[in-house]
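The values are calculated or read from the model by the stated rules, or taken from the named source; none is laboratory data. These numbers come from a predicted model, not from an experiment. Methodologically, a virtual Cβ is constructed for each residue, glycine included, from the backbone with ideal geometry; neighbour enumeration extends over all protein chains shown.
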Amino acid sequence: MLERRYLSIDGLRWSFLEKGRASPEHPTLVLLHGLMGCAETFVPLIECLGPELHIVALDLPGAGQSERRRDIDPSLAFTAKQVMGVLRALDIERPVMLGHSHGGAVALSLSARHRDSLRSLVLLAPAHPYFEEGDPLIRFYLSTVGRLFAYSLPWYPQWLQLLGLRRMAGKYSFDTTEQLRPYRDNLRTPGTMDHLLRLLKSWKKDFSGLHKALRRQLATPSLIVWGDYDRAVPLQSAAKLQERLLRSELVVLRGIGHRPAEETPAAVAHLLHEWLQRDTAAESVRYSPKLSASQRRSAALIPSSLKVGD
């Protein structure tokens, strides 16, 4: 059963969704959402995952039902530090951390700055320091016209917002009003857009810092899942990111865009279960950089019963 829970870290209220309870047999799976999303955007994926898993989906500061305040530091480093505080408060040791888009950057930042704190990483179309395609859009949102557009966006007609969400999807995806609702509710909550614009203002500095933190390659075992129709963070940028990850595997989902956990939750759940089984089996051996080699797989390896769009 999925439950909504709350806690306070250094005076900041956090909200999260939790399913199941921690057990010695299975690692906890911690989910970090993307830039305009919230924990609720992971519900389709959570519903596809087995009941034996302990899952914690966080509303990052400024999103979902977590607190919004003008004095919250939106930087990657602060957010990663706060997520570590949540893990300690919930007594979660060495979880598997899944991050989507900007949540992937938070997960990378946490793993780079708190090495050996995570059992493994699962990165869904992660934002990272080695792509620049998003820079023009960030400059637009930080302009006067862009800021006016941002503040009006939550109040656009639903059909127009669906078109925007659709641009973040691939050719086999069909967004519904139910998939739009968490984004719409999140953006309409007072303080959300203020926080997002402050986050975009610190974007270049944040990713420069992450670039420096990743100069020392990351040994955390990492599964990277990317759609070949991703318009936000292009698939071709994955190679540079993989160079900084000593033990990584890239799986490409054909026809999928920037939101794989929502576009094809059953396929992502299948990959996650496969990853967790291998991760659990390897825990007693522990990964070694000397044995590492980046791998690449195609979603063609997914059984036909889990084809994209099912």
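Does Gln217 satisfy being among the polar types (S, T, N, Q) and without any contact (Cβ under 8 Å) to a residue 60 or more places away in the chain? Working first, answer last.
Details: among the polar types (S, T, N, Q): yes; without any contact (Cβ under 8 Å) to a residue 60 or more places away in the chain: no.
The answer is no for Gln217.
Got a sec? Which of Gly50, Gly37 is closer than 21 Å to Tyr183 by Cβ and in a loop (DSSP other than H, G, I, E, B)?
On the way: Gly50 fails: closer than 21 Å to Tyr183 by Cβ.
The unique qualifying residue is Gly37.
Only one of (1) modelled with pLDDT of 95 or more; (2) assigned to a loop (DSSP other than H, G, I, E, B); (3) among the acidic types (Asp, Glu) is not met by Glu262, so which one is it?
With respect to (1) modelled with pLDDT of 95 or more; (2) assigned to a loop (DSSP other than H, G, I, E, B); (3) among the acidic types (Asp, Glu), Glu262 is out only on (2).
Hey, among Ala239, Ala267, which residue is out of contact with any Lys or Arg (no Cβ under 7 Å at 6 or more places or on another chain), surrounded by 20 or more Cβ atoms within 10 Å (Cβ to Cβ) and either touching a residue at least 24 places away in the same chain (Cβ under 8 Å) or small (Gly, Ala, Ser) (or both)?
Only one candidate qualifies: Ala267.
Check off (1) closer than 30 Å to Tyr172 by Cα; (2) at pLDDT 95 or above; (3) surrounded by fewer than 17 Cβ atoms within 10 Å (Cβ to Cβ) for Val251 and give me the number that stays unchecked.
(3)
Does the range 196-218 include one or more residues that are surrounded by 18 or more Cβ atoms within 10 Å (Cβ to Cβ), closer than 20 Å to Glu40 by Cα and at pLDDT 90 or above? If you could, list the steps in order and put the result at the bottom.
So the first thing to find is which residues in the range 196-218 are surrounded by 18 or more Cβ atoms within 10 Å (Cβ to Cβ), and the list is 196, 199-200, 203, 206-207, 209-210, 213-214, 218.
Imposing the further condition that a residue be closer than 20 Å to Glu40 by Cα reduces the set to 196.
If we keep only those that are at pLDDT 90 or above as well, we get 196.
Yes, that holds for at least one residue.
Counting residues that are closer than 17 Å to Asp230 by Cβ, which helices (runs of 4 or more DSSP H) fully inside the range 102-170 reach at least 2?
In the range 102-170, 102-113, 135-141, 158-167 are the helices (runs of 4 or more DSSP H) which contain 2 or more residues that are closer than 17 Å to Asp230 by Cβ.
Looking at Asp310, Asp279 in this structure, which one is at pLDDT below 95, touching a strand residue (DSSP E or B) at 6+ places or on another chain (Cβ under 9 Å) and under 24 Å from His33 (Cα atoms)?
Values: Asp310 fails: touching a strand residue (DSSP E or B) at 6+ places or on another chain (Cβ under 9 Å).
Answer to the check: Asp279.
Could you please find all residues in the range 58-79 being in a helix (DSSP H, G or I) and buried (at least 23 other Cβ atoms within 10 Å of the Cβ)?
Restricting attention to the range 58-79, the residues satisfying the condition of being in a helix (DSSP H, G or I) are 76-79.
Result: Leu76, Thr79.
Return the pairs, sorted by first residue and then second, in which the second residue is of a type in the set (S, T, N, Q) and assigned to a helix (DSSP H, G or I), the first residue lies in the range 159-173 and is in contact (Cβ under 8 Å) with a residue 12 or more places away in the chain, the beta carbons are less than 8 Å apart, and the residues are 6+ apart or on different chains.
Leu162/Thr177; Leu165/Gln179
Can you say whether Leu137 is without any contact (Cβ under 8 Å) to a residue 40 or more places away in the chain and either surrounded by fewer than 20 Cβ atoms within 10 Å (Cβ to Cβ) or farther than 17 Å from Leu29 by Cα (or both), as far as the supplied structure shows?
yes
For residues that are modelled with pLDDT of 95 or more and basic (Lys, Arg), tally how many sit in the range 69-87.
Total meeting the criteria: 0.
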